[in-house]
Amino acid sequence: MIRQTTTARGRRWRAGLIAGGVTAALVGGSFAVTASAHAAAGCRVVYSASAQWPGGFTANVNVTNLGDPISGWQLTWTFPSGQQVTQAWNANITSSGSQVTATNVSYNANIGTNQTVSFGFNGSWSGSNTAPTTFALNGVTCTGNVGGTTPPPTGSPSPTVPPTTAPPSPTPTSSPRPPGNPQTIVNDMQPGWNLGNSLDSTGDNVGGSGETSWGNPVITQALIRNVKAQGFKSIRIPVTWTHHHGGAPSYTIDAARLNRVKEVVDWALAEDLYVMINLHHDSWQWINTMPSNRTTVLARYTALWTQIANTFRNSSTKLHFESVNEPQFTGSSGDAQNAQLLDELNRTFHQIVRNSGGNNATRLLILPTLHTSADQARIDELASTFTALNDPNLVATVHYYGYWPFSVNVAGGYRFDATAQQDVIDSLTRVHSSFVSRGIPVIIGEYGLLGFDRHTGTIQQGEKLKFFEFFGYHARTRNITTQLWDNGQHLGRTSFQWSDPELIAQLKSSWTTRSGTAASDMIFVPRTGSITAKTLALNLNGLSFTGLSQGSTNLVQGTDYTISGSQLTLTTSAVTRLVGNRAYGVNATLQARFSAGVPWRINIISYDTPVLQNATGSTSSFNIPTTFRGDQLATMEARYADGSNAGPHNWTSYKEFDVTFRPNYDAGTITLTSDFFAEVNDGQQVTLTFHFWSGATVTYRVTRSGSSVTGTV
């Protein structure tokens, strides 16, 4: 999900995820419908629910024609749980009750034998969201078998037919290998770090490089040395070239720009780091116009990569090239054309680099999926390119920013729950099965959480730590190298200090082992009333619980706490001692220790239900006076009097944290933003339900009248 910003340092421009929706950040479960059909007709359908949230979902459908060529198609199915389609793309969809009919649009009417078309839709559900199991294409039930054809394994979409218009690549059967095995090299690149929002900044040519235009300081050799000292083995240096070259036909790169990029690359190579450079925000600034401007885009792309390849042809083989960051296309006819255009870019890039000679003849080249998405259809498209190129020195790359509702804290996704965990597993498993298990190394060139585009506090600290621990483990055990996206908000570019010591400790631990976590990093104790024992579920993650401490003092098992399986219980006497005078807020901090990894911090917090006050203000920024009384805000719901959802993302009552509302604990306010009121009906009262981490909820009502807002308890 992309949001532009006027303070770009705090953001990660995510243009690649606009055109692709939120495909790289959503959970997906898929299956194939298989059996047999008559000889002249037959089909196979793969239906995958790639995202689900309270009351809504996104689905993708791949339809493969196994019979004679079709001109014009209609796919029908029945929703078993009464779901309704609310929006569709790449197909026209109509419904009658639970019966659904999807028909082709103009550009995908023809399906040749063994060819696949894809479409998708958003839908609504209540109660359950059971996937349909039976589909019919032009009246023929899709059973996955024609004339004795063996259906593919369940859950594996048919690969997109490779495009036939891409330029040939000079890589037949025996492309020479670089020193070492490619998978071994990629393994040696773990862990990796991104030098984000510097040479990829899109500002004008400030001082010859523009690298400070998004707020980060000039890159120094000391920074690169510190990155190495932190334990990173590879550095991805995103580079945007848009404002740093001349016009057609030569598109000559500014000498100052090329020299600056080479200087930074050489600093990294001198530290014995693996290095990756690319065409970064060029992807959405001009490469995306390729559907309507193919000749010009290819000429410019070819000229830039020719100059870059020639400049670095004799550089160390520890330097790698990435064809383009988060590729995307505007105004294309759909998935098939997108796949064809990206295939053409990747093949062109491959040919340029290999033909430039020197170390480029065997240099590792990194090729992305469309949008760097881990969706199976996008993976299959890139796999076709790899097959055609037949070059052992290629690496696949995707990006991972988590299950979208959790990644931005919307739609009630404020916990790293089972759904968010399954998204990690599914995404990494798809990448491993399609590439790594076939001998193709994979680099996750960027990972993090999309909410970090605003600030790292968008996701609650404990939930954030659990995500990074879980992701690190599942990437490591699947032999996938990861490169942390850092736009300046994690490692200080001049202080060389981490803004969140807990986060980097968890990250570093995940490089080699698991860590224990818990259901929460907070235990809330009411400030008034009697004190009772408190139980917290531990996530042992295959480890053993070894103890509990407060500072340098070990708590005593049996007296201060008990442990039963994964249940940790603080005794009444221990809780009484820990809360002390029961002042609002954190009274004590404990550390749960495990047989490996980093300890898990547990804050003991005294609280009472927060108190909100009546207020008046404007739609530009409406502040609700709030006495938080030790509690912390988790999420907010917004509904009209008739129960319908109010505000942005009106498919869910749960609004996006920091975008539509934000707490300020120091100021004692909850702010409703202009983004929220921009999609609130004038004159209609909205009931807000604030959910706090203690479990408390508080109801508040606001009414917009023009640019004025009135709020009442």
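Residue-wise test of (1) loosely packed, with under 13 Cβ neighbours inside 10 Å; (2) more than 23 Å from the chain's Cα centre (by Cα); (3) touching a residue at least 12 places away in the same chain (Cβ under 8 Å).
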| residue | (1), (2), (3) |
| --- | --- |
| LEU507 | no, no, yes |
| ALA518 | no, yes, yes |
| PHE524 | no, yes, yes |
| SER530 | yes, yes, no |
| LEU548 | no, yes, yes |
| ASP560 | no, yes, yes |
The range 602-657: number of residues that are within 30 Å of SER510 (Cβ to Cβ) and touching a Gly at 6+ places or on another chain (Cβ under 8 Å): 4
Filter pass, TYR473 being open to solvent by 20 Å² or more (accessible area, probe 1.4 Å) and in a loop (DSSP other than H, G, I, E, B): no
Count of the range 430-462 residues which are buried (at least 18 other Cβ atoms within 10 Å of the Cβ) and outside any helix (DSSP H, G or I): 14
Failed condition for PHE657, given (1) over 18 Å from SER620 (Cβ atoms); (2) over 31 Å from the mean Cα position of the chain (by Cα): (2)
Residue match in the range 487-499 (condition: open to solvent by 60 Å² or more (accessible area, probe 1.4 Å), more than 27 Å from ASP631 (Cα to Cα) and in a strand (DSSP E or B)): no
ASP200 within 30 Å of LEU491 (Cα to Cα), surrounded by fewer than 19 Cβ atoms within 10 Å (Cβ to Cβ), at pLDDT 95 or above and not basic (Lys, Arg): no
Some residue of the range 303-325 being assigned to a loop (DSSP other than H, G, I, E, B) and either free of Cβ contacts under 8 Å to residues at least 40 places away in the same chain or under 30 Å from ALA91 (Cα atoms) (or both): yes
Conditions (1) closer than 30 Å to ILE480 by Cα; (2) modelled with pLDDT of 90 or more: number failed by PRO163: (2)
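Conditions (1) touching a Phe, Trp or Tyr at 6+ places or on another chain (Cβ under 9 Å); (2) hydrophobic (A, V, I, L, M, F, W, C); (3) under 28 Å from PHE467 (Cα atoms), marked per residue:
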{"site": "LEU536", "(1), (2), (3)": "no, yes, yes"}
{"site": "THR562", "(1), (2), (3)": "no, no, yes"}
{"site": "LEU578", "(1), (2), (3)": "no, yes, no"}
{"site": "ALA588", "(1), (2), (3)": "no, yes, yes"}
Criterion (buried (at least 23 other Cβ atoms within 10 Å of the Cβ) and among the small types (Gly, Ala, Ser)) met by exactly one of ALA309, ALA339, ALA299, ALA303: ALA339
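Residues are listed down the side, and each one gets a yes or a no for (1) surrounded by 15 or more Cβ atoms within 10 Å (Cβ to Cβ); (2) at pLDDT 95 or above; (3) more than 17 Å from LEU137 (Cα to Cα):
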{"residue": "GLN83", "(1), (2), (3)": "yes, no, yes"}
{"residue": "GLN87", "(1), (2), (3)": "no, no, yes"}
{"residue": "ASN90", "(1), (2), (3)": "yes, no, no"}
{"residue": "GLY97", "(1), (2), (3)": "no, no, yes"}
{"residue": "VAL105", "(1), (2), (3)": "yes, no, no"}
{"residue": "ASN110", "(1), (2), (3)": "no, no, no"}
{"residue": "GLN115", "(1), (2), (3)": "yes, no, no"}
{"residue": "PHE121", "(1), (2), (3)": "yes, no, yes"}
Per-region count, the range 655-670, residues of a type outside the set (Asp, Glu) and either touching a Pro at 6+ places or on another chain (Cβ under 8 Å) or buried (at least 22 other Cβ atoms within 10 Å of the Cβ) (or both): 9
Lone unmet requirement of (1) open to solvent by 10 Å² or more (accessible area, probe 1.4 Å); (2) within 21 Å of HIS245 (Cβ to Cβ) for THR362: (2)
Residue tally, condition in a loop (DSSP other than H, G, I, E, B), within 22 Å of TYR607 (Cβ to Cβ) and in contact with a Lys or Arg (Cβ under 6 Å, 6 or more places away or on another chain), over the range 506-552: 2
Residue, surrounded by the fewest Cβ atoms within 10 Å (Cβ to Cβ), within the range 400-414, restricted to residues that are of a type in the set (Gly, Ala, Ser) and touching a Ser or Thr at 6+ places or on another chain (Cβ under 7 Å): GLY412
Condition met for THR652 (assigned to a strand (DSSP E or B) and either open to solvent by less than 50 Å² (accessible area, probe 1.4 Å) or on the phi < 0 side of the Ramachandran plot (or both)): no
For THR397: the one exception among (1) among the hydroxyl-bearing types (Ser, Thr, Tyr); (2) assigned to a helix (DSSP H, G or I); (3) in contact with a strand residue (DSSP E or B) (Cβ under 9 Å, 6 or more places away or on another chain); (4) crowded, with 20+ Cβ neighbours inside 10 Å: (2)
The range 624-649, residues that are among the polar types (S, T, N, Q) and crowded, with 16+ Cβ neighbours inside 10 Å: THR626, GLN632, THR635, ASN645
Residue within the range 369-379 that is in contact with a helix residue (DSSP H, G or I) (Cβ under 9 Å, 6 or more places away or on another chain), over 25 Å from SER427 (Cβ atoms) and buried (at least 19 other Cβ atoms within 10 Å of the Cβ) present: no
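The values are calculated or read from the model by the stated rules, or taken from the named source; none is laboratory data. If you're wondering where the values come from, they're calculated on a predicted model, not measured in any experiment. For neighbour counting, all protein chains shown are included, and Cβ atoms are generated from backbone atoms with ideal geometry for every residue, glycine included. When the accessible area is computed, the model is the full protein with side chains, heavy atoms only, and any ligands, DNA or RNA have been set aside. Shrake-Rupley method; radii C 1.70, N 1.55, O 1.52, S 1.80 Å.
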